[in-house]
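Below: one structure, written as structure tokens.
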Protein chains: 2
Amino acid sequence: MQLLKDRIKKDGMVLSDTILKVDKFINQQVDPLLMKKIGIEFANRFRGKKVDAIMTIEAGGIAPAVFVALELNVPLVVIKKGKSKTANDVYTSTVKSFTKNKVYDIVINKSILDKHSNVLFIDDFLAEGNAFIATQKLLEQANVTIEGIGIIIEKSFQAGRAQIEELGYDIYSLARIREMSPETGIIWED
Amino acid sequence: MQLLKDRIKKDGMVLSDTILKVDKFINQQVDPLLMKKIGIEFANRFRGKKVDAIMTIEAGGIAPAVFVALELNVPLVVIKKGKSKTANDVYTSTVKSFTKNKVYDIVINKSILDKHSNVLFIDDFLAEGNAFIATQKLLEQANVTIEGIGIIIEKSFQAGRAQIEELGYDIYSLARIREMSPETGIIWED
């Protein structure tokens, strides 16, 4: 998505070989028109699929995902981050984030997830793929099929892309970074 | 907003005199078309104001707030929940949530907030008003003026509404609950 790559080039900050800050238009400050266009892009890419909900993990994926949901006329389901509950009425799974060096649980009410069978997963970033893998395990518990994965920015040089491809999922990333550094900037995958 | 009240009546669950669950269309599962309509409603109500950003706290306010931002053609700024940082490049403030019986910090990069001077605050719920009061203290540090407050569901019988009115803010709630109980259901404020 050229519009997005141009925006990353203009307003993104490459802090290291692995850290790209997009606080000005995706994370802390969100450009709503860009989110709408991203939502339409994902919707068009996955429109042929039988999908009854869009899934994301709070909070970075909510803004783009709500536009995908609007466009495809299905609900958005927001998986919460939080401490593991032993309650019988939730599904939980654990995210092991190597990049952030922390472990946290994700959780969703059974009464919500049990209503869905075929979903798209939307998120802002793909790096090691840990958030997605935990989501996949969460959805498995409810026998929910992931019909596609939409990622805004993918760091293709990290393990997430290969891991997800190996599992056979249909993944579509709008901006794929092959490598980057503060000196040379970003080299795109294609 | 009658559409919203009807939806709360249909899909909301009054669990006690103080707890209303709207997991099916606002929180865990989000109805994107309802969020769009809510966004347009807030935008129309505050369109006359000079506003250069929409503010919300992650995560419940993001979906409605992004539609307000889109409609008013300004960025959305998402205040993060997290541990207090002593970093010089952030503003922080502390939320004392009596209802949830916990204390947490909210945080935003100075480089983001310093670019704005007049904002609208959008959130899903108003109860005791603690999240708003912490936000107000955060925005004060950057000399940002709150031009209006848009709330989806207000529990008018709790302290938030009175506290905010006393401070002189222009507050607009789409559904105001005067009282509620599992037996009698919801009695609306007006």
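General remarks:
- Among the residues of segment A:85-127, just one is touching a helix residue (DSSP H, G or I) at 6+ places or on another chain (Cβ under 7 Å), surrounded by fewer than 19 Cβ atoms within 10 Å (Cβ to Cβ) and acidic (D, E), namely A:D89.
- Looking only at segment A:44-57, and only at residues there that are more than 11 Å from chain B (Cβ to nearest Cβ) and under 16 Å from the mean Cα position of the chain (by Cα), the one that is farthest from B:Q28 (Cα to Cα): A:R45
- Criterion: within 12 Å of chain A (Cβ to nearest Cβ), surrounded by 20 or more Cβ atoms within 10 Å (Cβ to Cβ) and either within 16 Å of the chain's Cα centre (by Cα) or within 30 Å of B:S111 (Cβ to Cβ) (or both) - qualifying residue of B:G60, B:G82: B:G60
- With respect to (1) more than 21 Å from B:I164 (Cβ to Cβ); (2) within 14 Å of chain A (Cβ to nearest Cβ), the lone exception for B:N88 is condition (2).
- Test set (1) of a type outside the set (K, R); (2) modelled with pLDDT of 95 or more; (3) under 28 Å from A:L4 (Cα atoms) - A:E189 fails condition number: (2)
- Tally, over segment A:34-80, of residues that are part of a helix (DSSP H, G or I) and in contact with an Asp or Glu (Cβ under 6 Å, 6 or more places away or on another chain): 3
- Hits in segment B:1-33 (condition: outside any helix (DSSP H, G or I), more than 9 Å from chain A (Cβ to nearest Cβ) and either over 17 Å from the mean Cα position of the chain (by Cα) or within 30 Å of A:T92 (Cα to Cα) (or both)): B:G12, B:M13, B:V14, B:L15, B:S16, B:D17, B:T18, B:I19, B:L20, B:K21, B:V22, B:I26
- Flag if A:T135 is polar (S, T, N, Q) and either assigned to a strand (DSSP E or B) or modelled with pLDDT under 95 (or both): no
The values are calculated or read from the model by the stated rules, or taken from the named source; none is laboratory data. Only a predicted model underlies this, so the values are computations on that prediction, with no experimental measurement involved. Glycine gets a Cβ as well: all are built from the backbone with ideal geometry, and neighbour counts include every protein chain shown.
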